[in-house]
Structures are given as C-alpha cells and as structure tokens.
Amino acid sequence: MASDLLSVSIDFETSHLYFPTLVHWILGILFAVILLTRVVPFMAAVRRGERTLPIIGESRDNKRFFGTFALIIAYFYLMDVVGNLFPYTGYGFLFVSMAFVLLMSLLYLHKWTRKTLVIVAVNAVVAPALVWFVLAKLFTITLP
C-alpha cells in the first residue's frame, strides 16, 4: 500500500497530449475574454455610430501596403530557392534576409538622405548576420 503512494505511473501513449490540450483551452478562454471585453463593446459603439471600423473607408498607402505583401511572399519563396543553392549552411536565410531588410527599410523610408541610406544599409547587413550567427553557429539551429 505504501509503495503505491510513492510510485508514479505514466501512460506514454497519451501523456504528450496533456500540455497542448491545456494550452489550447487557456488560449480559447483568453480569446473569449478578449472578444467579450474588447470586440463586443467596440462593435456596439460602431453600430451606434460612435466609432468606425478601422481600414474601411480610410485612405491607405497602396505602394507600401502591396509592396509589403510582395516582399513577404518573395522573402519566403526566395529563402527556399537560395537555401537550396547552399544546403545546410543557413546562407539562404542570411542572404535573403539581408535583401529583405534592405528593401523593406527602403520601402518605408520617408527621407532619403546619405545618412539614412548608410544606416539602412548597415542595419540590413548587421542585423541578419547577427541573427544568423546566433541561431546557426551558437545554437546550431538549421536554417534554410
């Protein structure tokens, strides 16, 4: 009897499902709380005419809006293409991330001066190189 109290029995067939299920329920409850406390009152204010829906009816910068989508799609596509040229090195991530950061920064840059262009170029090289070094070399995480 005493040995039963001190022994632990684990069902390895289903034990790995416990925490994902718990996390899903917690996220679902938090989502419901957000809906009830934020979205429902906001939509009620929209119906009363006190607030407007964001984005709808507002002007937007189409060049930046669609440029961002195009750059993100190209980023993920080209990361695979370039990564296949240099398999298991992470150079696909490194080179494509450098180009992505440069182009995204230039897309959102308002004042094009020599100083800001140098800052953008240095950031486009240093930030992805630092991330690549930490992930690929220090933590030996395989990158595309």
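Brief remarks on what is shown
Conditions tested, residue by residue: (1) in contact (Cβ under 8 Å) with a residue 40 or more places away in the chain; (2) over 17 Å from residue 71 (Cα atoms).
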{"site": "98", "(1), (2)": "no, no"}
{"site": "123", "(1), (2)": "no, yes"}
{"site": "129", "(1), (2)": "no, yes"}
{"site": "135", "(1), (2)": "yes, yes"}
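- The listed residues are 5, 27, 36, and the only one of them that is part of a helix (DSSP H, G or I), closer than 30 Å to residue 141 by Cα and not β-branched (Val, Ile, Thr) turns out to be 27.
- Enumeration of residues in the stretch 42-64 that are of a type outside the set (S, T, N, Q) and surrounded by 11 or more Cβ atoms within 10 Å (Cβ to Cβ): 42, 43, 44, 45, 46, 51, 61, 64
- Exclusive hit being closer than 23 Å to residue 144 by Cα, over 18 Å from the mean Cα position of the chain (by Cα) and of a type outside the set (Lys, Arg), set 85, 78: 85
- Look at the stretch 11-39: where a residue is more than 23 Å from residue 53 (Cα to Cα) and assigned by TED's automatic domain parsing to the domain that holds residue 53, no partner that is part of a helix (DSSP H, G or I) and of a type in the set (Phe, Trp, Tyr) sits 6+ places away or on another chain with Cβ atoms under 7 Å.
- Residue match in the stretch 62-75 (condition: over 30 Å from residue 46 (Cα atoms), over 18 Å from the mean Cα position of the chain (by Cα) and either at pLDDT 95 or above or in a helix (DSSP H, G or I) (or both)): no
- Residue within the stretch 105-116 that is in contact with a Phe, Trp or Tyr (Cβ under 9 Å, 6 or more places away or on another chain) and in a helix (DSSP H, G or I) present: yes
- Contact map, the stretch 44-63: residues that are over 21 Å from residue 108 (Cα atoms) paired with residues that are surrounded by fewer than 10 Cβ atoms within 10 Å (Cβ to Cβ) and of a type in the set (D, E, K, R), Cβ distance under 9 Å, separation 6+ or inter-chain. Pairs shown: 44/50; 52/58.
The values are calculated or read from the model by the stated rules, or taken from the named source; none is laboratory data. Computed from a predicted structure; not experimentally measured. When we count neighbours, we look across all protein chains shown, and the Cβ atoms used for this are built from the backbone with ideal geometry, even at glycine.
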